[in-house]
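I have placed the structure first, in the form of structure tokens, so that the comments after it can refer back to it.
Values quoted throughout were computed directly from the atomic coordinates according to the rules given, and no laboratory measurement underlies them. Keep in mind it's a predicted model, so treat the numbers as computed, not measured. Every residue, glycine among them, receives a Cβ derived from its backbone with ideal geometry; neighbour counts consider all protein chains shown.
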Amino acid sequence: MKRRSPILVFAIIVLVLAVFVAIVGNIFTSHGVTQQNLLARLKPPAFLTGGNPDFPLGTDRIGRDMVARIIAALQMSLSVAIAGTIIGAVFGSLIGFVAAHFRGWVDEALMMLVDFQASLPFILITLTLLAFFGNSLMLFILLMGLFGWEKYARLSRGVVLSAVNQPYAKAIVALGAGNSRLYLRHVLPNVASALIVQVTLTFPQIILLETSLSFLGLGIQAPQTSLGQILGDGRDYLSTAWWISVVPGTVIFLVTLSMSIVGDWLRDRLDPMLQGRNA
């Protein structure tokens, strides 16, 4: 039995811990995420000189507990990233399936739309829409869902075109199976591995995009919080209260890096060509 890489094990542990903290993390703190204590503002973490055990990771500029804020921010960032990834994967894959099924002018029109999306800087599209329609959580999640959908469209189209030309697909059609049965029961399971790998590669990119926009003040808005928002709040205190930025920055780094490592491992395991090369 081949041993897993220690780096992969570490990445899996980080992701499991992040999900666990996001789900039940509130039990680890008695402070509310918006609870202020001006007498305890800018307190360092408990393991530093002057730290308070009641605030293990210190406090921010208005005395809010950093543990409570990080937990709430992790919940928000993961929720937005998961929702955005699902929206992009479903929408893009559906476009790819439709293009592969109808072909002809429908395929050309949809692929032209894909090329148009890929040619535009997504950050400019996001900034334009947020400025025009205003910022709301639902709009922000939908915008995160539009990120990378063209990758799913291209991937699913190519894989479906290859799958429907296989002998098993032609035999199923010859036996009288309808399109829904062909795609849902036979083609989709065979292309699922490629789509899963793409999901694991897109997920950390959406987290970085969300945190970047929140850092600039264009993403998640108060009273809600995200890792990027906390990071932005602490940029003016790097010399006096570095933990306000360093803690969320470290969480962002570990989660995105771990997800990328797991995504690379899944690609090696699920891609038949890479399996043959590593055998």
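In table form, for the structure just shown:
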{"item": "Computed Kirkwood radius, in angstrom, where 1/r is averaged over Cα pairs of region 17-91", "result": "13.4 Å"}
{"item": "Over region 1-152: Kirkwood hydrodynamic radius from C-alpha pairwise inverse distances, Å", "result": "19.2 Å"}
{"item": "Viscosity 0.890 mPa s, temperature 25 °C, Stokes-Einstein D of the chain from Kirkwood C-alpha radius, µm²/s", "result": "116 µm²/s"}
{"item": "0 to 90° range, to nearest 10: angle between helix 137-146 axis and the chain longest Cα axis", "result": "40 degrees"}
{"item": "Intensity falloff of region 89-128 expressed as log10 I(q)/I(0), Debye formula with alpha-carbon point scatterers, at q = 0.23, 0.24, 0.29 Å⁻¹", "result": "-0.76, -0.79, -0.93"}
{"item": "Net +/- balance of residues flanking residue 100 in space, Cβ distance below 11 Å, scoring K and R +1, D and E -1", "result": "+2"}
{"item": "Shape category assigned to region 126-279 from the gyration tensor of Cα positions, a/c cut at 1.5", "result": "oblate"}
{"item": "Region 1-69 versus region 116-153: alpha-carbon centroid distance in Å", "result": "31 Å"}
{"item": "Dipole magnitude of the chain about its Cα centre (Cβ charges: Lys, Arg +1; Asp, Glu -1), debye to nearest 20", "result": "720 debye"}
